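*Asks:* Shown below is the structure under consideration.
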Amino acid sequence: MSGSAVSLYLDPQIRDWVLFPITLVMILVGILRHYVVLLLQSPPKKQPMAAIREHGKLPLPPSYYNAVSQHLADAFKNGSYLKGGPGKGDTPAAPPNPLTDPAAMDGMMAGMKTQMVMMVPQMIIMGWINFFFQGFVLIKLPFPLTLGFKAMLQRGIETPDMDVRWVSSLSWYFLNFFGLNGLYRLILGNDNSADSSRDMSTPFAAAAAAPQLGQAQDFSKLFKAEIDNLEFSKGLHSWVADDVETRILKKYGRAT
Amino acid sequence: MASTTPDQAAQLLFPPNVQYNATRLSTIKFLSACYAGAAAGILGLENFIGFGLFIGSTLFMGGCLWLKCKGKPAKYVHGGVVEMINPGQENLFSFLLAWTLFYAIVHVYD
């Protein structure tokens with residue numbers, strides 16, 4: 001306990017030129033990372049008519065609506081639009097293996113690429129700190145740690161007897177790395193890409209999402225439910241152009 | 001019609017409000033962790049007394065939120081009282097960061 005009574009005297013310039021700059025740089029790099037990811041995602045293009053029609057947003061007169069829904073119901077029974085032919089009752093088709101199905105593979109690769117991109121700035125900053133801010137004591141931790149941490153947190157300082165609480169700049173980097181996530185959530189909103197806790201959880205999430213069994217069968221159940229909904233809603237068709245004639249006449253002041 | 005299953009209980013909640021509450025709650029937790037860290041650092045608290053301040057501030061925050069929820073946190077927060085009080089690993093690290101920073105500024109550097 002005698003070591004803790006003696007206090008090291010640190011140059012205030014270390015505080016000005018190391019402590020604050022490291023924190024500032026990490027905050028700014030986090031914000032930069034968030035905006036880079038945002039910019040890399042391509043903006044939504046103005047959709048062609050066919051895509052809008054697919055989403056059902058075009059105004060559809062009642063006669064067309066009934067014809068189309070009837071046609072879709074028949075098509076499901078015939079399996080004319082389904083990839084594997086008409087549904088085979090309850091036998092589950094083998095779900096596409098994510099590693100071999102090219103469509104799912106693209107999605108996974110895109111996710112992994114973003115993760116790689118987001119880890120690179122952290123590696124760069126760690127290298128920068130190790131290069132420039134090495135070999136001196138930066139800060140005293142207010143809480144005690146075990147001797148095992150000495151090797152990691154006092155790297156570059158060759159004093160076997162010094163209290164573990166006097167640490168180098170790399171440990172300040174680690175403190176910032178973990179502690180700034182809340183700040184990012186405050187500044188950038190909940191869905192930000194600067195969060196370091198997301199980086200560590202995604203390999204597990206990707207591995208957990210890979211075995212998704214029974215997905216093919218769920219689709220046929222979904223389609224059956226949709227067919228039923230279509231039949232129920234035949235009488236409920238409401239159309240944006242329902243009394244468009246009256247509205248146009250009113251707009252031009254000729255309604256009677 | 002008591003909602004016993006979690007699904008039924010979740011169906012009674014209105015998603016935009018739940019999300020708004022969750023966002024406000026996480027903001028409050030983060031800010032209280034930061035202020036507690038600043039206070040602990042400026043006061044020069046060490047070791048367990050510092051963590052004691054963190055726990056104390058968390059309980060105080062929980063008490064204020066409990067009053068704000070009019071005594072029924074389950075109506076406002078998805079997980080009830082435990083979710084309301086639990087600061088989470090993220091805010092613990094924010095507390096550590098703020099505590100170390102202010103301790104260093106005030107007590108280590110002259």
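The values are calculated or read from the model by the stated rules, or taken from the named source; none is laboratory data. Since we're looking at a predicted model, the values are computed, not measured. Methodologically, a virtual Cβ is constructed for each residue, glycine included, from the backbone with ideal geometry; neighbour enumeration extends over all protein chains shown.
*Asks:* Name the residues in region B:65-94 that are in a helix (DSSP H, G or I) and farther than 30 Å from A:Phe177 by Cα, would you? Walk me through how you get there before you give the answer.
*Replies:* Just the residues of region B:65-94 that are in a helix (DSSP H, G or I), to begin with: B:65-68, B:73-76, B:81-85, B:88-94.
If the condition is that a residue be in a helix (DSSP H, G or I) and farther than 30 Å from A:Phe177 by Cα, then B:Trp66, B:Leu67, B:Lys68, B:Pro73, B:Ala74, B:Lys75, B:Tyr76 are the ones that fit.
*Asks:* Out of the residues in region B:100-109 that are within 7 Å of chain A (Cβ to nearest Cβ) and not hydrophobic (A, V, I, L, M, F, W, C), which is surrounded by the fewest Cβ atoms within 10 Å (Cβ to Cβ)?
*Replies:* Filtering first and then ranking leaves B:Tyr109.
*Asks:* If I ask for residues that are surrounded by 15 or more Cβ atoms within 10 Å (Cβ to Cβ) and more than 14 Å from every other protein chain (Cβ to nearest Cβ), which ones from region A:128-156 would you list?
*Replies:* A:Ile129, A:Asn130, A:Phe133, A:Lys150, A:Gln154, A:Arg155 - these are the residues of region A:128-156 that are surrounded by 15 or more Cβ atoms within 10 Å (Cβ to Cβ) and more than 14 Å from every other protein chain (Cβ to nearest Cβ).
*Asks:* If you go through region B:63-97 one residue at a time, how many are within 14 Å of chain A (Cβ to nearest Cβ) and over 15 Å from the mean Cα position of the chain (by Cα)?
*Replies:* Summing the residues that are within 14 Å of chain A (Cβ to nearest Cβ) and over 15 Å from the mean Cα position of the chain (by Cα) in region B:63-97 gives 1.
*Asks:* Anything in region B:85-99 that is crowded, with 21+ Cβ neighbours inside 10 Å and either without any contact (Cβ under 8 Å) to a residue 60 or more places away in the chain or at positive phi (or both)? List them, or say none.
*Replies:* B:Pro87, B:Phe93, B:Leu96
*Asks:* Check A:Met109 against each of (1) modelled with pLDDT under 75; (2) farther than 19 Å from B:Leu101 by Cβ; (3) surrounded by 15 or more Cβ atoms within 10 Å (Cβ to Cβ) and name the one condition it does not meet.
*Replies:* (3)
*Asks:* Are there helices (runs of 4 or more DSSP H) fully within region A:146-256 with at least 2 residues that are within 28 Å of the chain's Cα centre (by Cα), of a type outside the set (Phe, Trp, Tyr) and modelled with pLDDT under 80? List them.
*Replies:* Fully inside region A:146-256 and qualifying: A:196-209, A:215-232.
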